[in-house]
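Contents: one structure, followed by commentary.
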């Protein structure tokens, strides 16, 4: 019986690795990027506030290692509150897999499923940004597999956040206000 327990524990341990998510070192919106009439590039988006990050339902802190299995990207979620006075049509956060030469655009969004189509985020409302299930996750795995296995991916950078407003204007930045100072993005130089 003890041998069976030890074997099962070693299988679980071998599929669990240390991962890290952090803000990108090259913050979008902070380096002379120009806005256009419909896209406002910001050093930091203050109209939403990130309440927290989780993988597999367990809270994580940006920049700190956490244990996760090979499919951790599929189980990554971002809890966001609309602290603006605007109704937001959508929120999208993109991760860059920094260990890859050519990283796929790994998108987490709300609303992004057929069941959520037509929903928006009202002032004061909280939503979870999640990865599109099924085909999108399969596509990400295939893109990663062109360079390495998904099990070898241990780091991801938050590259950009995009918010669509009802007038079809967009707020874009590589930095977002956070409720927990431990998760705050670095201040641009």
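The values are calculated or read from the model by the stated rules, or taken from the named source; none is laboratory data. For clarity, every value in this text was computed on a predicted model and none was experimentally measured. For neighbour counting, all protein chains shown are included, and Cβ atoms are generated from backbone atoms with ideal geometry for every residue, glycine included.
Can residue 92 be described as under 12 Å from residue 176 (Cβ atoms), surrounded by fewer than 19 Cβ atoms within 10 Å (Cβ to Cβ) and at pLDDT 95 or above? In short, yes. Annotation: residue 166 fulfils all but one of (1) in a loop (DSSP other than H, G, I, E, B); (2) at pLDDT 95 or above; (3) closer than 12 Å to residue 90 by Cα; the unmet one is (2).
Scanning the range 151-188 for residues that are free of Cβ contacts under 8 Å to residues at least 24 places away in the same chain and surrounded by fewer than 14 Cβ atoms within 10 Å (Cβ to Cβ) gives 167, 181, 187.
Under the condition of being surrounded by 14 or more Cβ atoms within 10 Å (Cβ to Cβ) and assigned to a loop (DSSP other than H, G, I, E, B), the residues counted in the range 126-146 number 1. Look at residue 187 and say whether it is within 16 Å of residue 42 (Cβ to Cβ) and out of contact with any strand residue (DSSP E or B) (no Cβ under 8 Å at 6 or more places or on another chain). Judged against the criteria, residue 187 is a match.
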